[in-house]
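Notes follow once the structure below has been shown.
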Amino acid sequence: MLFKQEFHQRLVDGTITTTYRWWKTAKVKAGNTYRLNSEGVVKVDGIRRLAMSDISEDEAQASGFESR
């Protein structure tokens, strides 16, 4: 999976535990792991369909963003 460099350390240290992607079809599979460059791996625990309005401010912040 591709993440901006600014998110890498927070993904590795567990500060970011959730991410949101806007895809027509899923590009990853639940249960799989994906390399985060040479810094580690990201495990996909689950995939679900959401509307932007379903994401709370707290969830947006937990995914590394200041707001929705």
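Normalised by the number of residues in region 5-62, what is the relative contact order in percent for Cα pairs under 8 Å and 6+ residues apart?
So the answer I get is 32 percent.
How much length is gained if the chain between ASN32 and THR15 is pulled fully straight, taking 0.36 nm per residue apart and subtracting their Cα-Cα distance, in nm to one decimal?
Between ASN32 and THR15, full extension yields an extra 4.1 nm.
Once phi is turned into ³J(HN,Hα) by the Karplus curve 6.51 cos²θ - 1.76 cosθ + 1.60 with θ = phi - 60°, what whole-Hz value does each residue of region 44-52 show in order, with x for glycine and proline?
Couplings: 8, 7, x, 9, 8, 8, 9, 9, 3 Hz.
Under 10 Å from the Cβ of THR17, count the other residues' Cβ atoms, weight Lys and Arg +1, Asp and Glu -1, and hand me the total.
Once all neighbours under 10 Å are counted, the net charge is 0.
What distance in nm separates the simple spin-label points at VAL44 and LEU2, each placed 7 Å from Cα in the Cβ direction?
1.6 nm
So for each of 26-34, 58-66 I average, over its residues, the number of other beta carbons within 10 Å; can you give me the resulting order with the highest mean first?
Descending packing order for the listed peptides: 58-66, 26-34.
Consider the candidate values (1) 8.4; (2) 9.2; (3) 4.6; state which one is mean projected area of the Cα convex hull in nm² computed from the structure displayed.
Structure-derived value, by its label: (3).
Students often forget the sequence filter, so: which lysines lie under 18 Å Cα-Cα from LYS43 once same-chain residues fewer than 8 apart are removed?
LYS4, LYS27, LYS29
No value in this document is a laboratory result; all are computed from the given coordinates. These numbers come from a predicted model, not from an experiment. Every residue, glycine among them, receives a Cβ derived from its backbone with ideal geometry; neighbour counts consider all protein chains shown.
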